[in-house]
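Single-structure report; data block below.
Derivation of every value follows stated rules applied to the coordinates shown; laboratory data play no part. The shown structure was predicted, so the numbers you read here are calculated from the model rather than taken from an experiment. Note: ideal-geometry Cβ built from the backbone for every residue, glycine included; neighbour counts use all protein chains shown.
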Amino acid sequence: MKKTVKKPVTKQAKQVVPRGSTLELMVSALDEDGYGIGIADTCQVRVNGALPGEKVVARVEHAGQHRIVARMEKILNPSPVRRKSPCNHVPECDSCPLIEMEYGAQLEWKRGLVANHIRRHAALAGTEILPVLPSPRQIHYRNSAKLVIAGKFADPVIGIYRRESHDILDISDCTLHNPLINRIVSVTKRGIIKGKVPIYSPRSEQGLLRYLVVRVAENENRAMVVLVTARRSYNELHHLAEFIRREVPEVAVVVQNVNPSTGNVILGNRDFFHTKQTSLEASIGGIKFLISPRSFFQVNSGSAGVIYDLVRTYAELTGRENVLDLYCGIGAISLFLASGARELLGIEVVDAAVEDAAQNARINRIRNCEFEAGDVVEQLKWVVEGGKRTDLVLLNPPRKGCDAKVLQQVVTLGAPKIIYVSCSPASLSRDLVILNNAGYQTELIQPVDMFPQTPHVESIAVLKRRKSD
């Protein structure tokens, strides 16, 4: 007799919403990426461009078992803070999800974003969170752009990748870019067509032009153009460089950067200048900075100046203090504080940034700043072992926040004050809890809008060591 084997009973897979279908949703909130959030049959739906309180119709672009991503097609009940977009690329471009929200409402939402992270921790419950300080400019504030070049030379595309996609959106008139950048993008496209400059294809790994990087020194209204190529090619790039400079006289520097790698890193290691001038000089609050093709410089000079001035105010320096600036980058905050400090030491892991910091100190004739390159944890060990008094520690880490070992060493220094500049409310709140448990009370947090129309926000936290510790 044949034995019957029973098949195991399996749970039926949850039915997902088909791609391309439409949903009618009530939007309850924005997530941290600026997407509107609604619920469809227990699934969270993220809708780009939708605002809280709105009823919308959205078309599904991606559907999983627990999360759906959709693109808004129609607003049935608009939010009272919705405004007409100042951008011609909405809704195709999804890089500025707050651009149709009134600016005052953007600032309130960003304060709430910071507050939500801080209030999750009982140790930070009493921390004062101030209203977000606005950017001096809400549009045309970006002084730099890194753009992808794609297509064929007869019809080039210069733009950005759509979110979670390899599709490139052409943006020759971005609302956030300095107008000079937009002019250069348009002229570069014309130059590619005129010179029949071959465009690199990641699929075939053939062609020449890969990226266009533009940097603007706003105080002088001068620009640097970096043409990133897959290989060295003088003739084609020389003619393109000459065309760009002839059509846009404000372009002072043109450089070919060679990047033969097949990855997503934009800049390679070799630069070939097509101009005698090799750098730009920018300034923030009277401090000068030299900008080379690979130098870091804040993309919103106006808001950067606001942050640097606030740090100087909160520092309350009297000329007798020894200051330690960790993750100092090109030394911008250090140079702002130098006139009020006795001595200042900046530490940064990126060698090129430290070279820029030292050079910027020289051109500003600042002699009480020293900059060291190396791992922050290792460099801090030397500072601790040196035994010199530290009166103020500045923390300005990348988005992931401070290494726990860095915070341990900072606590060991025993400085009476710490100022923490952060671009991530999540990592900031985590690190403030660690410092709180080690004896540092967070007195206040001042958010600053560095990137209007986007969900990003900078914060300055001021901490003081408790006297009982």
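Here the chain carries DSSP beta bridges of which approximately 65% are antiparallel, counting only pairs with both residues inside.
Grab the other residues whose beta carbon is less than 15 angstrom from that of R320, score K and R as +1, D and E as -1, and report the net. Kindly include the intermediate steps, with their values, before the conclusion.
On the way: positive: R342, K388, R389, K417; negative: E316, E321, E343, D391.
Here the charged neighbours net out to 0.
Pairs of Cα atoms nearer than 8 Å and 6+ residues apart set the relative contact order; for the chain it is 12 percent. Only Lys, Arg, Asp and Glu carry charge here, each on its Cβ (+1 for the first two, -1 for the last two); on that basis the stretch 144-291 has a dipole of about 300 debye about its Cα centre. Measuring against 30 Å, Cα to Cα, the residue pairs K146/K194; K405/K464; K381/K464; K110/K388; K74/K110 contain K110/K388 as the ones spanning a longer distance.
For the stretch 431-441, the Karplus equation 6.51 cos²θ - 1.76 cosθ + 1.60, evaluated at θ = phi - 60°, returns couplings of 6, 5, 5, 4, 5, 4, 5, 9, x, 10, 8 Hz by residue, with Gly and Pro reported as x. In a reduced charge model with +1 at each Lys and Arg Cβ and -1 at each Asp and Glu Cβ, the chain shows a dipole moment near 1420 debye about its Cα centre. Counting every C-alpha pair in the stretch 144-291, the share spaced more than 20 angstrom apart comes to 45%.
The orientation-averaged shadow of the Cα convex hull for the chain, equal to a quarter of the hull surface, comes to 30.5 nm². For the cross-link pairs K417/K467; K189/K288; K288/K400, the ones whose C-alpha atoms lie over 21 Å apart are K189/K288; K288/K400. Here the 3J(HN,Hα) profile of the stretch 262-276, calculated from phi with Karplus coefficients 6.51, -1.76 and 1.60 at θ = phi - 60°, is 9, x, 9, 5, 7, 9, x, 9, 10, 10, 10, 7, 9, 9, 5 Hz, Gly and Pro shown as x.
So which GluC sites (Glu not before Pro) in the stretch 280-362 end up in coil per DSSP with only 13 or fewer other C-beta atoms within 10 Å? Walk me through the numbers on the way to the answer.
Details: sites: E281, E316, E321, E343, E348, E355; in loops: E316, E321.
Sites meeting the loop and neighbour criteria: E316.
For D173, the shell of other residues with beta-carbons less than 12 Å away shows a net charge of +1, using +1 for Lys and Arg and -1 for Asp and Glu. Of the Cα atoms belonging to the stretch 22-82, the radius of gyration and Dmax stand at 10.2, 33 Å.
Which whole-angstrom value gives the distance between the alpha carbon centres of the stretch 80-121 and the stretch 123-192? That distance is 17 Å. Across the options L107, M224, P97, the greatest Cα extent toward the positive end of the charge dipole of the stretch 85-238 (unit charges at beta carbon of Lys, Arg, Asp, Glu) belongs to M224.
With Cβ to Cβ distances under 10 Å as the rule, what net charge do the other residues near A415 carry (K, R +1; D, E -1)?
It works out to a net charge of +2.
If a/c stays under 1.5 just call it rounded; otherwise compare a/b with b/c (prolate if a/b is bigger, oblate if not). Do that for the stretch 362-469, with a ≥ b ≥ c from the square roots of the Cα gyration tensor eigenvalues. Taking the square roots of the gyration eigenvalues as a ≥ b ≥ c, the stretch 362-469 is oblate. Note on S339 and N116: their simple-model spin labels are 4.1 nm apart, each label 7 Å out from Cα toward Cβ.
Taken about its Cα centre, the stretch 20-157 carries a charge dipole of roughly 280 debye when the Cβ of each Lys and Arg holds +1 and the Cβ of each Asp and Glu holds -1.
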